[in-house]
1. Applying the selection to the range 34-88, what residues are hydrophobic (A, V, I, L, M, F, W, C), crowded, with 16+ Cβ neighbours inside 10 Å and either farther than 21 Å from residue 239 by Cβ or in contact with a His (Cβ under 6 Å, 6 or more places away or on another chain) (or both)?
2. Select from the range 119-148 the residues that are modelled with pLDDT under 90 and either closer than 22 Å to residue 173 by Cα or small (Gly, Ala, Ser) (or both) and write down the one among them that is surrounded by the most Cβ atoms within 10 Å (Cβ to Cβ).
3. Quick one: in the range 89-118, of everything that is of a type in the set (Val, Ile, Thr) and in contact (Cβ under 8 Å) with a residue 40 or more places away in the chain, which residue is surrounded by the fewest Cβ atoms within 10 Å (Cβ to Cβ)?
4. When you go through (1) within 34 Å of the chain's Cα centre (by Cα); (2) part of a strand (DSSP E or B) one by one for residue 187, which number turns out not to apply?
5. So in the range 156-203, with the set limited to residues that are surrounded by fewer than 20 Cβ atoms within 10 Å (Cβ to Cβ), touching a residue at least 12 places away in the same chain (Cβ under 8 Å) and basic (Lys, Arg), which one is farthest from residue 93 (Cα to Cα)?
6. Being modelled with pLDDT of 95 or more, under 40 Å from the mean Cα position of the chain (by Cα), surrounded by 14 or more Cβ atoms within 10 Å (Cβ to Cβ) and under 22 Å from residue 93 (Cα atoms) is true for just one of 229, 215. Which residue is that?
7. Find the strands (runs of 3 or more DSSP E) located wholly in the range 96-169 whose residues include 1 or more that are closer than 21 Å to residue 85 by Cα, and list them.
8. Looking at this structure, is residue 26 modelled with pLDDT of 50 or more, more than 17 Å from residue 269 (Cβ to Cβ) and exposed (fewer than 10 other Cβ atoms within 10 Å of the Cβ)?
Amino acid sequence: MTGARPPVRPRTHRPDGPRFGFLLTPRWLRLIGLTILISLACTAAGWWQWNRHTARLAAVEQVEANYEATPVPLHDVLDDPAAPLDRRDVWRPVSATGTFPAGGTVLLRNRPVSGTPAIHVLAPLVVTMPDGSRAVLVVDRGWLPAGSEEQPAALPRLPAGDVDVVVRLRAPEAPADRAAPPGQAYAVNPAQVLGLSAVSDDVRALPVLDGYGLLADERPAGEALPRPLPRPDTDLGSHLSYTFQWWLFAIGAYVGLVVLARREAAALDAPAQHPPADSGRARTGARRRSAEQEEDALIDAQLAAAGVREHLGRSERGTATTSVPPGPSLD
């Protein structure tokens, strides 16, 4: 005869060791590494959007500071053709007097204006510098609907003689690396625009000022001036909101990792769900009791049937009726 068994303590799925020791398993190390890569990528994307935002903000501040400023003489800003345009002078209005040489019109291709397909009309303006020398300032005189280049005779003509202009200075663009049709350009690079024009050789040999100007006023005005260029858009865009979204994604990657780790730890700490030891015996006993009940019912039915047969036999022989235990109804 044996004594009573001691109660069995419930076992857990987690082996002995730190609660979060599973983080050092290969599967979790790979997951941690992937989380770090995702977070770094989101952080880099956020910094890229931040840099775009700061660049856009600086451009907008430049427009707001210079666009409506009082015009100053051109030589106060660009007094030497060899001097680069100061970035602080971008969008600054300047005044100058010069002449548009014949054959100077160059069309700038693929420059939509407010979503409208357009071309810009460029022309070199020969100006006199403070030292008496001459130089060329490229002027963007305005825009025309795309397709106007197919009708050269209908293009606006340059005014003859001396012209007083007010232009807003822009930084030069890099030279285009693809060939354009004659008299057309893909970039506003002053030296390249002058080379693409049909001006005389003596004008082509003049030094070119760094930067170019967007025409704001012209007196006397030429015939059928191109359409004036609109004020630049000062909307900052969505770069700042995208910055914070990417950085939230970077933080969210670690938050998701922590949530998964806590769930894993909780699952390992949960006790193993084993069925009770006597549940099998209980089911066996229930099946045994059910079989015994069926056997007793069968015996009772057989006894009742035997009693009915005995009662019928006595009735046929005319014997005295005896009390017979009633059997189940056959109906």
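1. Those that are hydrophobic (A, V, I, L, M, F, W, C), crowded, with 16+ Cβ neighbours inside 10 Å and either farther than 21 Å from residue 239 by Cβ or in contact with a His (Cβ under 6 Å, 6 or more places away or on another chain) (or both): 38, 74, 77, 78, 85.
2. 148
3. Only one residue fits best here, namely 97.
4. (2)
5. 157
6. 215
7. Of the strands (runs of 3 or more DSSP E) lying wholly inside the range 96-169, those with at least 1 residues that are closer than 21 Å to residue 85 by Cα span 118-128, 134-145.
8. Here the answer is yes, as residue 26 does meet what is asked.
The values are calculated or read from the model by the stated rules, or taken from the named source; none is laboratory data. Keep in mind the model is a prediction, meaning the values are calculated, not measured. Cβ coordinates were reconstructed from backbone atoms using ideal geometry, including for glycine residues, and neighbour counts include every protein chain displayed.
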